Amino acid sequence: MTSHAVSPREVPGERLIEEGLFRLDETGTPRLRGSKCPGCAAVFGGHRSVCLACLRVGMEDTDLSSAGEVYSFTTVHQQSADALIQPPYTVVQVRLPEGVIVTAPLLETDPQAVSVGLAVRTRAFRFKEASGDVVVSYAFVAA
């Protein structure tokens, strides 16, 4: 159950956990996906059909920033049976410049060094499951 950074060349043939949450750009950087209202310009994480601000139907898909600041965090010390990451590791909520808050693991960072306001950016990671399958997802690293 290890993880390491991914280059775009490593992704083909592996299982990419995407489902509208992110895509890998030409440099291999995960670009988080969101929805933007063409009426009031409100931005939300993930895919939405209706604007939660003005109730307009018909949102536009958009890329969100790949960097932000830690809004809140917790450190995980217990390992669940299906964990893809060895504890201790930190899970962060990150406020992006668009105002959207997203949650993901913070990797390659000492849990003792994490604080609110820490600048972070997305990175693609390969997580090896116990079955031997490789899953590609995104996580945050200190910027």
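Quick test of your reading of the structure: PRO87 fulfils all but one of (1) within 25 Å of VAL134 (Cα to Cα); (2) assigned to a strand (DSSP E or B). Name the failing condition by number.
(2) is the only condition that PRO87 fails.
Inspect all residues belonging to region 61-68 and state whether any of them is closer than 13 Å to ALA142 by Cα, within 13 Å of the chain's Cα centre (by Cα) and not polar (S, T, N, Q).
Of all residues in region 61-68, those closer than 13 Å to ALA142 by Cα come to 66-68.
Now narrow it down to the ones that are within 13 Å of the chain's Cα centre (by Cα): 66-68.
Those left that are additionally not polar (S, T, N, Q): 67-68.
Yes: region 61-68 contains one or more residues that are closer than 13 Å to ALA142 by Cα, within 13 Å of the chain's Cα centre (by Cα) and not polar (S, T, N, Q).
Out of all the residues in region 28-45, which are within 15 Å of SER137 (Cα to Cα) and not charged (D, E, K, R)?
Residues satisfying the conditions are GLY28, THR29, PRO30, LEU32.
Looking at PRO105, is it in a strand (DSSP E or B), within 19 Å of the chain's Cα centre (by Cα), surrounded by 13 or more Cβ atoms within 10 Å (Cβ to Cβ) and not small (Gly, Ala, Ser)? Explain how you work it out, then say what you get.
Working: in a strand (DSSP E or B): yes; within 19 Å of the chain's Cα centre (by Cα): yes; surrounded by 13 or more Cβ atoms within 10 Å (Cβ to Cβ): yes; not small (Gly, Ala, Ser): yes.
When the stated conditions are applied, PRO105 passes them.
Can you name the residue in region 108-123 that is assigned to a strand (DSSP E or B) and out of contact with any Phe, Trp or Tyr (no Cβ under 6 Å at 6 or more places or on another chain) and is also modelled with the lowest pLDDT among such residues?
Among them, the one singled out is ARG123.
What is the residue count in region 124-143 for residues that are at pLDDT below 90, of a type in the set (A, V, I, L, M) and under 13 Å from PRO30 (Cα atoms)?
Number satisfying all stated conditions: 2.
Hey, can you tell me all the residues within region 43-75 that are at negative phi, in a loop (DSSP other than H, G, I, E, B) and touching a residue at least 24 places away in the same chain (Cβ under 8 Å)?
Those that are at negative phi, in a loop (DSSP other than H, G, I, E, B) and touching a residue at least 24 places away in the same chain (Cβ under 8 Å): HIS47, MET59, LEU64, SER65, SER66.
Being at negative phi and outside any strand (DSSP E or B) is the requirement here; does GLU98 meet it? Step through it out loud before you land on a result.
Details: at negative phi: yes; outside any strand (DSSP E or B): yes.
So GLU98 fits the description; yes.
Among the residues of region 124-143, what is the count of those that are within 21 Å of SER72 (Cβ to Cβ) and buried (at least 18 other Cβ atoms within 10 Å of the Cβ)?
Kept after step one, since they are within 21 Å of SER72 (Cβ to Cβ), are these residues of region 124-143: 137-143.
Still in the running and buried (at least 18 other Cβ atoms within 10 Å of the Cβ): 137-140.
Residues flagged as within 21 Å of SER72 (Cβ to Cβ) and buried (at least 18 other Cβ atoms within 10 Å of the Cβ) within region 124-143 amount to 4.
May I ask you to list the residues in region 91-134 that are of a type in the set (Val, Ile, Thr) and under 25 Å from PHE44 (Cβ atoms)?
VAL91, VAL92, VAL94, VAL100, ILE101, VAL102, THR103, VAL116, VAL120, THR122
The values are calculated or read from the model by the stated rules, or taken from the named source; none is laboratory data. Values in this document were obtained by computation on a predicted structure and should not be read as measured data. Glycine also receives a Cβ, built like all others from the backbone with ideal geometry; neighbour counts cover every protein chain displayed.
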